[in-house]
1. Determine ³J(HN,Hα), in whole Hz, for all residues of the stretch 27-37 in sequence, where each value follows from phi through the Karplus function 6.51 cos²θ - 1.76 cosθ + 1.60 and θ = phi - 60°; x replaces Gly and Pro.
2. Roughly how many nanometres apart are two label points built 7 Å out from the Cα toward the Cβ at Val723 and Thr898?
3. Using θ = phi - 60° and the Karplus form 6.51 cos²θ - 1.76 cosθ + 1.60, what ³J(HN,Hα) does each residue of the stretch 293-299 get, whole Hz, x for Gly and Pro?
4. Report the FRET efficiency, 1/(1 + (r/R0)^6), for Asp739 and Gln166, where r is their Cβ-Cβ distance and R0 is 45 Å, rounded to 0.05.
5. Assign one of three labels to the stretch 47-186, namely rounded, prolate or oblate, based on the Cα gyration tensor with a ≥ b ≥ c the square roots of its eigenvalues; rounded applies when a/c is under 1.5, prolate when it is not and a/b is larger than b/c, and oblate otherwise.
6. Among Val252, Ala292, Asn310, whose Cα projects farthest towards the positive end of the dipole of the stretch 154-311, with charges put on the beta-carbon of Lys, Arg (+1) and Asp, Glu (-1)?
7. For each pair in Lys565/Lys669; Lys143/Lys328; Lys575/Lys641, compute the distance between the two Cα atoms and list the pairs where it is over 25 Å.
8. Using mean Cβ contacts within 10 Å as the protection proxy, how do 513-519, 543-549, 46-52 order, highest first?
Amino acid sequence: MWLAQAAIRRPVFTTVAVIIILVMGFVSLANLQMDLLPEIQPPVGAVIASYPGADPDEVLEKVTQPLEKELGTLAGLKRVQSQTREGLALVLLEFEWSQDINRVQNDVVSRINRTPLPDDVETPHFLKFDPSTFPIMQLSVVKDGTYSAGLKEDVDRITQSLSRLQGVASADDSGLVDRQIRILLDADQMKKYRLTQSDIRDRIEAANISQPGGIVEKGDKDLTARVISELTSVKAFRELQVAVDPLTREKVSLEDVAEVRLEEEERSVITRTNGKPGVNINVFKQSGANTAQVSKDVQAELERLNRTLNVKTVTIFDQGKYVDRSVKNVGTTMIGGAVLAMLVLFLFLRSFRSPLIIGVAIPVSVITAFVLMYLADFSLNIMTLGGLALGVGMLVDNAIVVIENIHRHLQTGKNRKEAAAEGAGEVAAAITASTLTTVFVFVPVVFVSGIVGQLFKEFAFTVTFSLLASLLVSLTLVPVIAARIMKTPKIGWKKQREERRTYRAFRRMLKWSLAHRFTVILTALALLAAGLAGIRTVGTEYLPAADEGIFIVELKMPPGTGLEKTQQVSSKIEKILDEEPDIENFQASMGTANNENALFGESGRNIAQIYVNTVGQKERNRSTRRIMNELRPRLAAVDPKAEVELREQSSFEAAGEPNTLEFAVSGKKETLKDWSEDITSAIRELDYVQQVSDSEKETKPELKVEVDREKAEKAGLLPAQVVSAVSDATRGQVVSRADLGKGGSYDVFLRFEEKFRQSPDQLEDLPIRTGREGGTSVPLSEVAELKVEEGPITINRSDLRDSIEYQVQYDGTDLGTVERDVKEKLDRMLPPELEVSFTGSAELFRDSLNDLRLAGFLAVLFVFLVLAAQFESFKYPFVIMLTLPLMVIGVALALYLTRTPVGVTAMIGLIVLAGIVVNNAIVLVDTINRLKSKGLPSYDAIVEAGIIRFRPILMTATTTVLGLIPLSLGLGEGTEIQQPLGIAVIGGLFSSTLLTLVVIPVVYSWFDPETRRKKKAKKA
């Protein structure tokens, strides 16, 4: 081929070109971003609407249902789910993966704006589910003792320092308790002086004010006026006049009717780290920033700050560290595979020079792929590096074929340059065809939608880049180096090789196979049937669960439980976690979160969430799932009223929670309620089920204050005035902000004394000022009735129907088995009016299965068409394509022996194999055709070609298999997702290689006119 001849003729030019590519490759590698996964944008969004003071039923009727009705007709919408809580409506929108969430956003906002909602409802806002907006690090600032003003200063300094780092978008703290000026009103004194809470508020706002005025001229200058009246100390607040005693006409100050003090604000959220009070800091990276580098910069800055601050900063979660370890692990498997491949070459060729050529070809090909990855705007992640790890084994295939052919030409007595040029040129067409068939296998990945398409697209392109680079290197650099360093084989080398026991045995087996063609084919078919039967026993999964060493413990106390009781039970759980040697850090958070946090889990005064981080995989002997399973019974026993659930966390959250089956049951509310406990109990009977969770919420006690309009009117009150007075007295309000100079700036919080919140009986005595002359007050009980009732907590709906969502955590089995068993149980027990729909990983697997079937069909079709174009025939490609069923035998055996479920990555491996396994058959058929063109009879050509290609076929297959062994072992973090692919490819290559050497010659003999009717082989 002209390319090899030109490279050999101009070795300096070839060397310079390689050096340029290497330099570009190293520069590209230095500029490639490092992330865990390719960028994924799930087509999921949420509409959040706040309706303060409304109970769940009212929110459902006036907010949730109108939004569902308006949004439910959006184009490309797959599912609408909603959660309705007190004062809050959350509508989740899941679109088809073909939809771009950024383009849909304007349409969603338009529908929201035209939805008829009550005036009191705050404008709903739309949030996109974007994994890149999640924090990459979660820190906790811990200080011995209790919260203090000094802690706030330290936290502010840390967040400000981290936010200034390159690549950091923001560092936000939560759980920090600030100080405030708290004014607690005395009801008796307020009644005595005929004052209300609103009177005090107005007086403070009027006295503590800073407002700009107009322009005042002073000569030729304009001065901006500012009118200031500020209360700059707690003493000033206490001495503030709020009224005049109607009897004595003496001044009444604020301290006469209230207790005024500077103290910590009341905590609505409690956070603890490793059992000590702490403040949480979430670090967010900028779009496009290198996750691993940002993590390293943050850790370095924290080390610097810890030397000057009197606090301890604990890292609860660090995605950058996991990314760094994962990428290095996959990179190590790639290097290990390359070393094993070179070792195999040495064992086959018994020469240091030939493996040396391969040792140069592999890194040059990989570095060339880095240039193409940079130009394609890819990142270094476990998918792209996994593609390179897969490619390493295949990279040497082309080089082996070229080197072996050059070796054969040297044996004929040709000089090194002539042997290199002719040897490379002779197989150029064959290796180009084999490379193109493998490349074309990845073209259909473009048609795969969903998360699988987004995950594996970069993987497919990276393998393609590495293979194209290896083809270029094999036809340029390899011949140039071979022409310089390869030695001429000893005389009689070919005869000695063919006289070896292995070659004699293979020749006999090949001739026997040609004489017993039906036996060979029937044996292959029997093995295929056995493999297909065995693969049905391993089950199915979506994506393999990755052990990231992170899980969440969620504590739920009975509805209505106070924050103090919740934190007491949480302390018991934290103590158990602290005793676990494999747990490094944990952070507990309990209390009421803000509206946006409704997206990421439940919150409330009766709920605690504990984020647990284990030590590294190398430092523990147990998996995260085993740690969780051993903790479950201990944590469940901490309190008889507590409900404790454990969930493993994963960076693949968009693919569903690890080892979890999710489904929803929809129907009428009453029917769902009747069957919810029976469903949970039935599923818990399955042996492998560890935990069953559902979204069915119990009612919670609530105090209803019903205003009696008639009594209120007689007292000169409107219902709104009563409602406002009760709300202000129980919830309190921030009425101003005071600047105390060096003492800091603090909110001014106003509320009645604590007794009105301690019991309903006390609240009945709350004084409400009437509209009668003289400003007299009446107790709340005279204008309203107080009663304790049960009210709903959350109302769940799916596709405009009431529903209950279930999560089944399992261990020791596969997703397909759990789904089948659960479906059988539910089909037997549930009435027809209840509808069951599987979501999460089960649904994603079904959707991906259809896409992968299409991709597999297109891959086989493209391979066939490429071969037809290469051989200018439809007959020989058909012979070659018969290697595909042979690979299924090995894939089935490998998955069965390793008990690996059939999942997306294993099926991707099958598609990859469609392009790999035909390569040996291509070269074998091409050699038969070349020998026939030289005048050799068909039978002799088939046998001779088998002998000639025997060693190269074994070499290429063995190097690819050994190159994938580190990947198939799944050692280290981040390699789990690629493991089934490595196992499938190794198994498929093993069977297809062994059977190709026998089955393809047999099939070829049937298609060749000269040997078609041959009854038995010639005698040797």
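Each reported figure results from applying straightforward, stated rules to the coordinates on display, with no laboratory input. Keep in mind that what you see is a predicted model, and the values were worked out from it rather than measured. In this analysis, Cβ positions are derived from the backbone assuming ideal geometry, glycine residues included, and neighbour counts consider all displayed protein chains.
1. Using θ = phi - 60°, the values come out as 5, 4, 4, 5, 9, 6, 6, 10, 9, 6, 9 Hz.
2. Inter-label distance under the simple model: 6.4 nm.
3. 5, 4, 4, 5, 5, 5, 5
4. Step by step, r from the Cβ atoms, then E = 0.85.
5. It comes out oblate by the Cα gyration axes.
6. Going by the Cα projections, it comes out as Ala292.
7. Violating the 25 Å Cα-Cα cut-off are Lys565/Lys669; Lys143/Lys328.
8. Details: 513-519: 16.3, 543-549: 22.9, 46-52: 19.7.
Top of the packing list down: 543-549, 46-52, 513-519.
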